[in-house]
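First up is the structure itself, then whatever we jot down about it.
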Amino acid sequence: MALSFEILYHSKVVTDDIVSLPKLWRNKIRLAIKEKLTTAPDFYGRPLRRSLKGYRKLRVGDYRVVFRINKNKVYVLAIMHRSVVYKKVPKRL
């Protein structure tokens, strides 16, 4: 039986990030999170470095999902375009 991970979102992800995404990308990202992060987040997510050490990123087109794994929970910290995500994410820590 495969280990299932629970997805938890930062409050800013729900109020700011998801709302600002184009509808097409919103659906693609939702599907990627459902398929990849609930089954094997450590396999699909690449580790981040420096100030975001301990966090991982999932690449979905030009968008990045920044998350952290804690036991069987995945905490999503941000979903943003790649051009701004690494500048804005440290402010949420």
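Quick notes on this structure:
- From its DSSP helices (H runs of at least four residues, each -39,500 (n - 2.57)), the chain gives a residue-normalised ellipticity at 222 nm of -4500 deg cm²/dmol.
- Three-way shape label, the chain, alpha-carbon gyration tensor, a/c 1.5: oblate
- The trypsin sites (Lys or Arg not before Pro) of the stretch 24-93 that meet both conditions, a loop assignment by DSSP and at most 11 other Cβ atoms within 10 Å of the site Cβ, are Arg49, Lys53, Lys71.
- Over every Cα atom in the stretch 19-62, the radius of gyration and the widest Cα-Cα span, Dmax, amount to 11.7, 32 Å.
- Check: the chain dipole with +1 on Lys, Arg Cβ and -1 on Asp, Glu Cβ, in debye: 380
- Other-chain or far-sequence residues with amide H under 5 Å of Tyr55's (modelled H): Leu48
- Here each label is just a point 7 Å from Cα along the line to Cβ, and for Leu8 and Ile69 those points are 1.7 nm apart.
- Using a cut-off of 20 Å between Cα atoms, the listed pairs Lys28/Lys53; Lys12/Lys73; Lys36/Lys87 include Lys28/Lys53; Lys36/Lys87 as exceeding that distance.
- Relative contact order (%) - criterion: Cα under 8 Å, at least six apart; region: the chain: 31
- Cα lying deepest toward the dipole's positive end in the stretch 29-93, options Leu58, Val84, Asn72, charges on Cβ: Val84
Values in this text are rule-based calculations from the coordinates and carry no lab data. Model, not experiment: these values are computed from the prediction. Here Cβ is always computed from backbone atoms with ideal geometry, including for glycine, and neighbour counts include all displayed protein chains.
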